[in-house]
Amino acid sequence: MENLSFKVAEIEISYRPALKMAELPQVTSSRGAYEVLRGRWDNGRLELVEEFKVILLNRRGKALGVVNISQGGFLGTVADPKVIFAVALKACASAIILAHNHPSGELSPSDADLALTRKLKSGGGYLRDQCA
């Protein structure tokens with residue numbers, strides 16, 4: 001019998017905390033989330049490309065970090081739930097805050113935004129129930 005060895009790529013998602021736990025900002029409101037995200041967007045591109053970011057939080061609401069999930073064009077971007085949950089799990093996040101801009105300036109969520117939010121809420125609920 002022939003010995004087959006398969007070569008596959010090693011997958012790695014890294015999380016390297018830059019601050020001590022006591023130094024992490026606590027997010028208790030939408031204003032707090034805004035403060036965490038404010039410096040993460042290039043103001044010169046807000047009206048040009050849509051970007052999707054996620055704030056990762058621990059059990060006490062401390063911001064572990066911000067992840068750039070995707071960048072698209074003027075009309076939209078794709079946020080893959082698998083990527084969002086993979087990063088959240090790798091960082092041992094207990095909660096996530098989703099954020100993205102609309103280059104058009106439209107403040108209302110699109111049908112696609114609402115559908116993605118429902119999908120992520122459902123997946124997050126499943127993970128919460130399995131980990132409780």
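Sites count as exposed loop sites when they are GluC sites (Glu not before Pro), lie in a DSSP loop, and have at most 13 other Cβ atoms within 10 angstrom; the longest stretch of the chain without one is 48-105. Averaging Cα coordinates gives a centre for the range 65-106 and one for the range 8-63; these two points are 10 Å apart. Provide the FRET efficiency to the nearest 0.05 for the L19-K121 pair, computing r from the beta carbons and using R0 = 22 Å. It comes to 0.15. Restricting attention to the range 32-132, which chymotrypsin sites (Phe, Trp or Tyr not before Pro) occupy a DSSP loop and are surrounded by at most 12 other Cβ atoms within 10 Å? Of the chymotrypsin sites (Phe, Trp or Tyr not before Pro), the ones in loops of the range 32-132 whose Cβ has at most 12 other Cβ atoms within 10 Å are F74. Within straight-line reach of K82, meaning a Cα separation under 22 Å, sit the following lysines at least 8 residues removed in sequence or on another chain: K53, K90, K119, K121. Near G65, the amide H atoms lying under 5 Å from its own belong to L56; only residues 5 or more places off or on other chains count, and H is placed 1.01 Å from N. Convex hull volume of the Cα atoms of the chain, normalised per residue: 185 Å³. Can you tell me the orientation of helix 111-131 relative to the chain, as the angle in degrees between its alpha-carbon axis and the longest Cα principal axis, to the nearest 10? Taking the Cα atoms of the chain, the angle to 111-131 is about 50 degrees.
Each value in this text was obtained by applying a stated rule to the coordinates, not by laboratory testing. Worth saying up front: this structure is predicted, and the values here are computed from it rather than measured. FYI the Cβ positions are ideal-geometry reconstructions off the backbone, even for glycines, and counts take in every protein chain you see.
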